[in-house]
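Below: one structure, written as structure tokens.
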Amino acid sequence: MRNAATLPPAYPPSIGDGRLLTEDELAASLAHTMRDWDGRQDLWLFGYGSLIWNPGLPTIAAVRGKVHGYHRGLYLWSRVNRGTPERPGLVLALDRGGSCSGIAFRLAGPTAQPHLETLWKREMPMGSYRPAWLPCSLENGERVNALAFVMRRDAPTYTGKLSDPVVKEVFGCAAGRYGTTLDYVSRTVDALRASGIPDRALEGLLARCR
């Protein structure tokens, strides 16, 4: 671990006061996202990061899928899960452009609500993502609308494009309640490779910066 005094000017970043959403705000966000759901139909959830190796909710199917118009990258500063306010970590998000391969999870509709509430607490503590229903092409050729968490570019936790030296510093020092940023990225790289959908860009970043 490096001393904070040795970190480059770009790290740690200025990312606002880190206010967490209240229970009411989380509930309102979930209700808005699910406003067209009847509470009975099965749902699809698109995992592109830690959801692949730790979905944290029961699923009835898990298949490879792909969304277009977004790509995966370390675009979100993490003040809690993979870092601290003083030394934020990095986690993956979908940002505009390109495409992204991941795992599409099918959730049983009649029992999904409490698990969605848990998912919101995990993914939306600061409201940095925009929950969206994205067209997703499954490996069998079927197309479904899948729930995905897209980066809000107006969020103070949006990183923009980071240089390798900054990423290397984060890999060397950032850790939060779920562990280090380096472990998070390593696990995701391994899970993508094991699923037959390796992310060469993320693998390259890990190799250069670990």
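Read-outs: derived from the displayed coordinates by stated rules, not from any lab. Values in this document were obtained by computation on a predicted structure and should not be read as measured data. Note that we place each Cβ from the backbone using ideal geometry, even for glycine, and neighbour counts take in every protein chain shown.
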(message) If amide hydrogens are placed 1.01 Å from N in the peptide plane, which non-local residues have theirs closer than 5 Å to the one on Ala146?
(response) Leu134, Cys136
(request) Please list, or write none, the aspartates and glutamates whose alpha carbon is within less than 19 Å of the alpha carbon of Lys161, excluding same-chain residues fewer than 8 places away. (result) Asp95, Glu169, Asp199, Glu203
(request) Rank the residues Thr59, Thr111 as a footprinting-exposure proxy: fewest other Cβ atoms within 10 Å of their Cβ go first. (result) Thr111, Thr59
(message) Residue by residue through the stretch 171-185, what is 3J(HN,Hα) from phi via Karplus (6.51 cos²θ - 1.76 cosθ + 1.60, θ = phi - 60°)? Round to whole Hz and write x for glycine and proline.
(response) 4, x, 9, 8, 8, x, 5, 9, x, 8, 4, 4, 5, 4, 5
(request) Counting other beta carbons within 10 Å of each Cβ, put Lys161, Lys168, Lys66 in order, fewest first. (result) Lys161, Lys66, Lys168
(message) Can you compute 3J(HN,Hα) from phi for each residue in the stretch 42-58, using the Karplus curve 6.51 cos²θ - 1.76 cosθ + 1.60 with θ = phi - 60°, rounded to whole Hz and x for Gly and Pro?
(response) 5, 10, 10, 10, 9, x, 10, x, 5, 4, 5, 9, 8, x, x, 7, x
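What does the C-alpha gyration tensor say about the overall shape of the stretch 130-210? Classify as rounded when a/c is under 1.5, otherwise prolate if a/b is larger than b/c, or oblate.
Numbers: a/c = 2.19, a/b = 1.42, b/c = 1.54.
Oblate, since a/c reaches 1.5 and b/c is not below a/b.
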(request) Pull up all non-local amide H partners of Gly127: gap of 5 or more, or a different chain, and H-to-H distance under 5 Å with H placed in the peptide plane. (result) Leu21
(request) Work out from phi, with θ = phi - 60° and the Karplus expression 6.51 cos²θ - 1.76 cosθ + 1.60, the ³J(HN,Hα) of each residue of the stretch 61-76, listed in order in whole Hz, and give x for Gly and Pro. (result) 6, 9, 9, 5, x, 9, 10, 10, x, 9, 10, 8, x, 7, 10, 10
(request) Return the single residue from Gly47, Gly172, Gly97 with maximal mean-square fluctuation; model: Gaussian network over the chain, springs between Cα atoms under 10 Å. (result) Gly97
(request) Can you give me the P(r) profile for the chain? Cα pairs, bins 5 angstrom wide beginning at 0, each as a whole percent. (result) 1, 7, 15, 19, 21, 16, 11, 6, 2, 1, 0
